[in-house]
Amino acid sequence: DLLCRDAEGNAVAVEIKRRGELDGVEQLTRYVERLNLDPRLRPVRGLFVAQQIKPQAKVLAGSRDIECVEVDYDELRGAETVAMRLF
């Protein structure tokens, strides 16, 4: 979904899904492999982002040196939650 640069200037391919499953990791793996063919980009790091990532997908991603990050999309959008909180 995104091709970014990290703080050190290295390329990062980011795949964003609502639910992180095996097929999303496979998709990101193909992107990273393809992008690594370009000497101007390599090495490309993979970052798999989803609201919820299944355990099997985390294991597969880890075996391929892909980092997983779970995020709350409602919180990112600033949507109010019904949960009570102090602050």
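Determine whether residue 79 is open to solvent by 50 Å² or more (accessible area, probe 1.4 Å), free of Cβ contacts under 8 Å to residues at least 40 places away in the same chain and assigned to a loop (DSSP other than H, G, I, E, B).
When the stated conditions are applied, residue 79 does not pass them.
Looking at segment 1-27, I want the residues that are farther than 18 Å from residue 53 by Cα and have a partner that is among the acidic types (Asp, Glu) with Cβ atoms under 8 Å, at least 6 apart or on another chain. Which pairs are those?
From residues that are farther than 18 Å from residue 53 by Cα, the pairs are 12/6.
With the condition kept exactly as written, say whether any residue in segment 29-47 is within 28 Å of residue 74 (Cβ to Cβ), modelled with pLDDT of 95 or more, under 9 Å from the mean Cα position of the chain (by Cα) and part of a strand (DSSP E or B).
yes
The values are calculated or read from the model by the stated rules, or taken from the named source; none is laboratory data. All of these numbers come straight from a predicted model, not from anything done at the bench. Every residue, glycine as well, gets a Cβ built from its backbone with ideal geometry; the counts of neighbours run over all protein chains shown. Protein only, heavy atoms only, side chains kept; ligands, DNA and RNA dropped before computing areas. Shrake-Rupley method; radii C 1.70, N 1.55, O 1.52, S 1.80 Å.
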